[in-house]
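The values are calculated or read from the model by the stated rules, or taken from the named source; none is laboratory data. These numbers were taken from a predicted model, which means no experiment stands behind them. Please note: Cβ atoms are built from the backbone with ideal geometry, for glycine as well, and neighbour counts cover all protein chains shown. Side chains included, ligands, DNA and RNA excluded: accessible areas come from the protein's heavy atoms. Shrake-Rupley method; radii C 1.70, N 1.55, O 1.52, S 1.80 Å.
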Amino acid sequence: MLDETGAEGVSVQIVKLPLSVRFDNPSEGDMSQSPEEGNSEGSERLEEDDQLLYDNNKLYNSSMRVEEEDQKILVHFDENESTNFSWKKLAVFMGPGFLMSIAYLDPGNIESDLQAGVVSGFDLLWLLLLAHVMGFLLQCLAIRLGVVTGNHLAEVAHAQYHVVPRVILWIMVEIAIIGSDMQEVIGTAIALYIISSKKIPIWGGVLLTIIDTFTFLFLDKYGLRKLEAFFCFLIGVMAVMFGMEYFWHLPDQVEIVKGFVPGWGSGHWDTTVTIQAVGMIGAVIMPHNFYLHSALVRSREIDRTNKGAVREANKYNSIESGLALVSSFVINFFVVCVFANAWYFNNGPNMDCKTTLNLTDDSVDLYSAGEYLECKFGSALKYIWAIGILAAGQSSTMTGTYSGQFVMEGFIKLKLPRWKRVLITRSIAICPTVILAVVSNNNIGELSNLNDILNILQSMMLPFALLPILQFSSDKAIMGWCKSPKSILAVIWILAFLIFGINVYLVVASVIGFKLSHGYIALVVLIYVIYSVIVAYFLLQALKIRVPLLEKWFPSPANRADNKRNVADAGPHQFSESDRIIENEVFGG
């Protein structure tokens, strides 16, 4: 058969083990024997490593693949090179992890950090560190999925789930992205409000974030490396701004060390601190980040037919992500410590602080925090704070746009030019935020309350990213020899159930805190029951627990294909990347 270039191609047919491979090109000879009949060494290698059986190009065809191919960075792998760590090789993989880490630095996270410092001093620093460690382990799963399969999480989910759960999953992820984007837009608008001395109203600042769309498209046009460099620059701005505030009035370092040991700090732990601790976990680990990261690692073109190249890519992507998350942890650490030192250990704002705001532990937000820093240390600190928030908002809105693109083209195969996809994903977040900003009439307190609700929303949407990534990374048919080790999966499953418990506590505590009427409570309970049933379905899928009724209603695409056709009569398909892996391992090609 002829491929698109006109050259004679090779076709193969793949069935479940025992594996048979059939070459349609007569010039290649008769190689239709099974692995057991062919090269014995190749057979042993296949049985030992359990190679990938997926025709990725067929199952996960992407509308963005052509655009992405033009920007991919080719990574050369030399089997004769030393396997020792190389800074030069790491530099090639630098970029995707820092783009991913921006989700750990969005305005919602910054507000959660400052509130943690306000209500608990340094006592939650250990939890902040734990959240980043948890995030790193989970991001490594996204890395492995993207590197091994060459497809991102949304594409794999599209192939693995029936249309009904697939649509439900897509809706949940879109809700998470919209909620995150709204937080980022609000943060940017508040920063502009402060920097302009209130001359730019909140709704005006929200509209100005549309410029992010054109900035994104402009940088994206000039190559991936420039886009990555720009995001690293914004992270650097945040580090400098929040670092200046930290060193401006250096906190007690001994008390900070105590904060990293649970129970060794001030000992002040009440319901408010508990809710803040739970909210911190929900704010740090963002659901859409797994979809984003699994897509970003594909920007490095590697030879997936070579296990050494795959291992190397996993290694350096993981190291780079670890460095990126260390950077994000340091910035979050700065914010917690600044407000713990300035507020918690000074019993809040004193009488000398001249401000019209009624500052209390419960009301402090991104705007009032800037006002308080001005009262405490002078106007310079307020503007430094605002510039840091602006950098956080600008960077995270653009990564949110990226996430929206990958999710949309992965789940629903939306075939639109990139600028249209960007405009759609930005509009989905900006339009409701503009409406809320106008209705609130620049009431930042109301927008701050909305921020808290959005943090809860992010926490509730987390299972719809966490469960699929756990399911796919442990699936031998998808990951082959690179399936995640059971020991690692056991640790991550423990963390997953911890997060699920946190979500339940957060919802219950929030509903109690909102003091809703009985009618609204009944509505919330009904919604939460439906939500729990949906989560239970994906949990059963991830645990590979088969429920006959669910299997009948929502069979997986693979099961439906097996039931409808005989594999032997399916005919040949175009020779793909995964087929080449199998040929390489079976025949030593």
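List of remarks:
- Candidate set from the range 381-440 (those that are among the basic types (Lys, Arg) and either open to solvent by 10 Å² or more (accessible area, probe 1.4 Å) or touching a Leu at 6+ places or on another chain (Cβ under 6 Å) (or both)); member that is nearest to Gln160 (Cα to Cα): Lys413
- Against the conditions (1) farther than 27 Å from Ile210 by Cα; (2) surrounded by 16 or more Cβ atoms within 10 Å (Cβ to Cβ); (3) charged (D, E, K, R), Asp452 satisfies every one except (1).
- For the range 475-507, the set of residues classified as among the small types (Gly, Ala, Ser), free of Cβ contacts under 8 Å to residues at least 24 places away in the same chain and buried (at least 16 other Cβ atoms within 10 Å of the Cβ) is empty.
- Among helices (runs of 4 or more DSSP H) entirely within the range 152-266, having at least 2 residues that are under 28 Å from Thr433 (Cα atoms), in contact (Cβ under 8 Å) with a residue 60 or more places away in the chain and open to solvent by 10 Å² or more (accessible area, probe 1.4 Å) singles out 163-195, 202-208, 211-221, 224-248.
- Subset of the range 359-382 (residues that are part of a loop (DSSP other than H, G, I, E, B) and at pLDDT 80 or above): Asp365, Gly378
- Those helices (runs of 4 or more DSSP H) of the range 405-487 in which at least 1 residues are in contact with an Asp or Glu (Cβ under 8 Å, 6 or more places away or on another chain), considering only elements entirely within it, cover 418-440, 444-461, 476-479.
- Subset of the range 297-315 that is outside any loop (DSSP other than H, G, I, E, B) and open to solvent by 10 Å² or more (accessible area, probe 1.4 Å) - its residue that is nearest to Ser403 (Cα to Cα): Ser299
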